[in-house]
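Take a look at the structure below.
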Amino acid sequence: MKTLKARVLVFLTLWGVWLVLTAPWSVQEAAAGAVAAFLIAALPFFPSSPLEDLRLSPKALLYVVAYAFVFLKALVLSNLDVAFRVLHPKLPIAPGIVKVKTKLKTPLGRLLLANSITLTPGTITVETRGQDLYVHWIKVADADPVAATEAIVGDFEKYLEVICG
């Protein structure tokens, strides 16, 4: 059943991208996209998919939308922070690597968290070990793992827990 859910998600995602890229639509283009997306989703690429960890509940879908805004806010704020540091005459940085512990249980959840951290300027996930992430931070505000976890992943994690566990 999990494989069917993952394949349906792949089909819907591919077909949605197809429809966005071929707008304005015609029946032939929509049908061709559906056939192509179905064939790709039906191919046995791997026995299990990381997409199996996604939840399809209404609450999870609502959290996906909310997460997009939370990520966008973090992206803008971190861009402004890095721009301030670069333009400041004294270049106020104190780089370092901090250990961050996540509550996320699924590989997909940890992957999305690591990518979200890396995509925000000023932080880069350099390694993952189980539920621990090692993050290079442009200005280490606190080396304590609990405080660093709250500062870096606090906003992301609560949404990703609902989306994929």
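Quick note: the coordinates plus some simple rules give every number you see, no bench work behind them. Small disclaimer: the values here were computed from a predicted structure and weren't measured. Neighbour counts run over all protein chains shown; Cβ positions are idealised from the backbone, glycine included.
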- Message: Along the charge dipole of the chain, pointing to its positive end and built from +1/-1 on Cβ of Lys, Arg, Asp and Glu, which listed residue (PRO24, ALA141, GLY130) has its Cα farthest out?
- Response: GLY130
- Item | For peptides 67-73, 109-115, sequence by mean Cβ density within 10 Å, most packed first | 109-115, 67-73
- Query: Given the rule -39500 (n - 2.57) for each run of at least 4 DSSP H residues, summed and divided by the residues of the chain, what is its mean residue ellipticity at 222 nm, to the nearest 500 deg cm²/dmol?
  - Reply: -20500 deg cm²/dmol
- Query: Gaussian network model of the chain, Cα springs within a sub-10 Å range: biggest mean-square fluctuation belongs to which of VAL140, VAL27, VAL153?
  - Reply: VAL27
- Message: At a 10 angstrom cut-off on C-beta neighbours, averaged per residue, how do the peptides 95-101, 76-82 rank from highest to lowest?
- Response: 95-101, 76-82
- Task: Choose one answer from LEU14, LEU75, LEU133: the residue with the largest mean-square fluctuation in a GNM of the chain with alpha-carbon springs under 10 Å.
- Result: LEU14
- Message: Please list, ordered by chain and number, the residues whose modelled amide H lies under 5 Å from the amide H of LYS139; skip anything fewer than 5 residues away on the same chain.
- Response: ALA94
- Contour minus Cα-Cα distance for ALA30 and PHE69 (0.36 nm per residue): 11.1 nm
- Message: Given R₀ = 25 Å, what would the calculated FRET efficiency be for VAL146 paired with LYS5, taking r from the Cβ atoms and rounding to 0.05?
- Response: 0.10
- Message: Which of VAL64, VAL20, VAL126 ends up with the largest GNM mean-square fluctuation for the chain, with Cα atoms connected below 10 Å?
- Response: VAL20
